[in-house]
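Remarks on the structure that follows.
The values are calculated or read from the model by the stated rules, or taken from the named source; none is laboratory data. Only a predicted model underlies this, so the values are computations on that prediction, with no experimental measurement involved. Backbone-built Cβ (ideal geometry, glycine too); neighbour counts: all protein chains shown.
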Amino acid sequence: MLLNPRFNKLCTWRESDQLSLLSVSLRLVSTNFHPQSKPIRFFKAFATMVKAITVHELGGPEVLKWEDVEVGEPGEGEILVKHKAIGVNFIDVYYRKGVYKAEKLPFIPGREAVGVVTAVGQGLTGRKVGDLVAYAGNPMGSYAEEQILPANQVVPFPSTLDPILGAAVMLKGMTVQYLLRSCFKVEPGHTILVHAAAGGVGSLLCQWGEALGATVIGTVSNEEKAAQAAEDGCHHPIIYTQENFVERVKEITKGQGVHVVYDSVGKDTFQGSLECLASRGYMVSFGQSSGMVDPVPMSVLAPKSLFLTRPSLMHYTTTRDELLRCAGEVFTAVANGVLKVRVTKTYPLSEAAKAHADLEARKTTGSIVLIPDNS
């Protein structure tokens, strides 16, 4: 057994590994021993073991496994982050099921976390051990106690905010920011339709949309979620299990339709969403919780000169300035009370499968967060 002093954890090595270490040590001593030589860091090249959720095969929540994985040292331009809180998003479900393709199997899911920098790659400036940081989007792999990240993909996280709130709002909040401010710029007088209005992204869309002066219509599945959506700024909650949302939207808008639809549901709502749009309206399809949308002939857009887009956060934060601006607006909105983040439940990281099952069964509202078991 070897004790890695930086991680303060026990690592088990094969006999061949120990012989290799001895060989390297002897070579370093014989070639580098000099009164002015810098201290030799024998452990830098070796990985430590941390706990993580892994996916070895695609499928239901049961394929999420709680295992030991190796985490090495950050390289050039990288940092090592010890997670405090990890966000759960429907995109994690898409990768687990194979709707979106991971680069390889096995993989660690997750694209959002808040944590503390514990190591910095050689030559990197602007980051230091002890910094509180957050990230959302790329790379995948946040369902782990620790993660190596490109330094240019993280943003400083305000110490005045709770890391649990940060993990709940980072990806969802940045998604809402680009949807409302870039993909379609919502202004006073606009009417918007938000599907899944009581969900993690939906509730933030309602809050921020109302703050921007829009009339907000939202679809939900039951009375409880309708009440929550109304509390979050949805002026007209529609319980789609009790009434036809297309007819209700036409009634609310006096037949004019809405300026933009934000649709994260996909297959079940897509056609109805198109019917709800006003002339020159924007159909923003940014998710597919009910399944992939069938191929759309361009001719369906022609009668009302509609716009159709399938956006992704990563394409709206391609530069460092875009990333910092997007995240900064989210943190400001939270600090100013524009966004009230509702974390309805936290799960131990080891119980990620339970979190996924609840999310897919629509048993959750607002946001759910994973907390590393060692935190």
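Details
- Scanning segment 338-361 for residues that are modelled with pLDDT of 95 or more and out of contact with any helix residue (DSSP H, G or I) (no Cβ under 6 Å at 6 or more places or on another chain) returns Thr346, Pro348, Leu349, Ser350, Glu351, Ala352, Lys354, Ala355.
- Residue among Ala335, Ala327, Ala352 that is touching a residue at least 60 places away in the same chain (Cβ under 8 Å), under 16 Å from Ala168 (Cα atoms), loosely packed, with under 15 Cβ neighbours inside 10 Å and not assigned by TED's automatic domain parsing to the domain that holds Gly287: Ala335
- With respect to the conditions (1) surrounded by fewer than 18 Cβ atoms within 10 Å (Cβ to Cβ); (2) touching a Ser or Thr at 6+ places or on another chain (Cβ under 9 Å); (3) part of a helix (DSSP H, G or I); (4) not small (Gly, Ala, Ser), Gln228 falls short on a single one, namely (1).
- Subset of segment 170-189 [buried (at least 19 other Cβ atoms within 10 Å of the Cβ) and under 18 Å from Leu277 (Cα atoms)]: Leu179, Leu180, Cys183, Phe184, Val186
- Against the list (1) more than 26 Å from Gly209 (Cα to Cα); (2) buried (at least 24 other Cβ atoms within 10 Å of the Cβ), the condition Glu112 fails is (1).
- The lone exception for Val296 - which of (1) surrounded by fewer than 17 Cβ atoms within 10 Å (Cβ to Cβ); (2) outside any helix (DSSP H, G or I); (3) within 18 Å of the chain's Cα centre (by Cα) it fails: (3)
- Residue, nearest to Ala52 (Cα to Cα), within segment 79-92, restricted to residues that are surrounded by fewer than 23 Cβ atoms within 10 Å (Cβ to Cβ) and modelled with pLDDT of 95 or more: Lys82
- Answer from Leu301, Leu308 - the residue that is more than 23 Å from the chain's Cα centre (by Cα) and outside any helix (DSSP H, G or I): Leu308
Residue-wise test of (1) in contact (Cβ under 8 Å) with a residue 40 or more places away in the chain; (2) of a type in the set (S, T, N, Q); (3) part of a helix (DSSP H, G or I); (4) in contact with a His (Cβ under 6 Å, 6 or more places away or on another chain).
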residue	(1), (2), (3), (4)
Arg96	yes, no, yes, no
Lys101	no, no, no, no
Ala113	yes, no, no, yes
Thr125	no, yes, no, no
Asn138	yes, yes, no, no
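- Hey, Val341 assigned by TED's automatic domain parsing to the domain that holds Pro61, under 30 Å from Pro158 (Cβ atoms) and buried (at least 17 other Cβ atoms within 10 Å of the Cβ) or not: yes
- Residue match in segment 258-278 (condition: hydrophobic (A, V, I, L, M, F, W, C) and in contact with an Asp or Glu (Cβ under 6 Å, 6 or more places away or on another chain)): no
Results for (1) among the small types (Gly, Ala, Ser); (2) touching a strand residue (DSSP E or B) at 6+ places or on another chain (Cβ under 6 Å), shown as yes or no for each residue.
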position: Pro297; (1), (2): no, no
position: Val300; (1), (2): no, no
position: Leu308; (1), (2): no, yes
position: Tyr316; (1), (2): no, no
position: Cys326; (1), (2): no, no
position: Val330; (1), (2): no, no
position: Gly337; (1), (2): yes, no
position: Leu349; (1), (2): no, yes
position: Leu359; (1), (2): no, no
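- Members of segment 358-370 that are surrounded by fewer than 16 Cβ atoms within 10 Å (Cβ to Cβ) and among the aliphatic types (A, V, I, L, M): Ala361
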